[in-house]
Structures are given as structure tokens and as C-alpha cells.
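Laboratory data are not the source of any read-out in this text; all were calculated from the coordinates shown. Since this is a predicted model, take the numbers as computed values, not measurements. Because the Cβ atoms are built from the backbone with ideal geometry, glycine has one as well, and the counts that use them run over all protein chains shown.
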Amino acid sequence: MTDYIEITALYARRRRVLGPDARCRQCGETAIAALQRDAEGIICYECDRPRRGKRTTEDHHPLGKANDMDTTIGVPGNFHRQLSAMQADWPEVVRNNPTRDPLLWIAAVALAVRDFANVLTVYAQQIADWLMQLHATLVAHHGATWVSALALPSLWGAM
Ligand SMILES: [Zn+2]
């Protein structure tokens, strides 16, 4: 799937360096902004951080530091790498907003929403793919009525 992330020059360079099918050797992460190479091969930011005694989550400035230095949200490290890479690609006038222009601040909000949606779209597809694989496995082992075969309650409560 080609998306906004993949078309930035930074990502194109990283893809050339890491290879077209690059993925984390520990967890399988494929987000190019989250991948790096070490002596053993390719590893993602989140799998590498604990090895260095660091947390796997970080504080993200959703509007960029120039627009709002105080507002941060905690996000997984790989998610942060992707958001920060897209933010670095924002138009310079929005990213730096030297006159604190309110229209540029609102543009930063719109770009932050776009970037979150972009990253979440990729993860949503991966979650849907994984759930469909789990469904097929459960049907193969327990039949099409696997929910009742396993005596699971309804996902949506009593209906
Ligand atoms: Zn990983």
C-alpha cells in the first residue's frame, strides 16, 4: 500500500537503505520510519529501546514544539517515529510559525489530524488482517459457530 508516509523523500531514502521488505526481526514492524539497522540486522525503535534501558513510549508534541511547546501526548515509540517524520515534512511556515499566526496554528491541527489518521489507517489494516486470520483458525478448529462452541459471551453483551 502506498501512502503519504511512503512518498516523502526521507522515507524513500530509508527504504533504499533498509530494503523493500524491511521489517523488525523481533516483532515484524514494517513502518519504515520506525526501523533501524544494527550489527544483527533490522530492528524497530520500540524493540531496541528496552535493550538500552529506555521506555517504549514517548511524549509527542502533536502540533510541533513551535506551535505548542506544552501539549504532549504519550505514544508508543514506533508511532512517535512515524508522526515526527511526517511532522518534519510539514511546510516550514507551519512547522516554525514564527509570528504565532492563528491560521497556521489551525493548519498544524489539520496536519496533526491527517498524520494520526494516516498512521492509524495502517495499524487498522494490520489489526483487521490479524483478526481475519484468527477467525479462520477458530472456524477451522471449532466450526463456524466457534463463539458458542467456546461458550464465549456476545461481544456486544446480551442481545
Ligand atoms: Zn520490533
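Is it fair to say Val122 is under 12 Å from the mean Cα position of the chain (by Cα) and either over 30 Å from Leu150 (Cβ atoms) or not in a helix (DSSP H, G or I) (or both)? Working first, answer last.
On the way: under 12 Å from the mean Cα position of the chain (by Cα): yes; either over 30 Å from Leu150 (Cβ atoms) or not in a helix (DSSP H, G or I) (or both): yes.
It is true that Val122 is under 12 Å from the mean Cα position of the chain (by Cα) and either over 30 Å from Leu150 (Cβ atoms) or not in a helix (DSSP H, G or I) (or both).
Evaluate the stretch 130-138: report whether one residue or more is within 30 Å of His60 (Cα to Cα) and either part of a helix (DSSP H, G or I) or hydroxyl-bearing (Ser, Thr, Tyr) (or both). Spell out how you get there, then give the answer.
Looking only at the stretch 130-138, we keep the residues that are within 30 Å of His60 (Cα to Cα), and these are 130-131.
Remaining after also requiring either part of a helix (DSSP H, G or I) or hydroxyl-bearing (Ser, Thr, Tyr) (or both): 130-131.
Scanning the stretch 130-138 turns up at least one residue that is within 30 Å of His60 (Cα to Cα) and either part of a helix (DSSP H, G or I) or hydroxyl-bearing (Ser, Thr, Tyr) (or both).
Only one of Ser148, Ser154 is part of a helix (DSSP H, G or I), free of Cβ contacts under 8 Å to residues at least 40 places away in the same chain and among the hydroxyl-bearing types (Ser, Thr, Tyr). Can you tell me which? Steps first, please.
Working: Ser154 fails: part of a helix (DSSP H, G or I).
Of the residues listed, the single one that is part of a helix (DSSP H, G or I), free of Cβ contacts under 8 Å to residues at least 40 places away in the same chain and among the hydroxyl-bearing types (Ser, Thr, Tyr) is Ser148.
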key: Residue list for the stretch 39-63, filter: under 19 Å from Leu83 (Cα atoms), within 15 Å of the ligand (Cβ to nearest atom) and not charged (D, E, K, R)   = Ile43, Cys44, Tyr45, Cys47, Thr56, Thr57
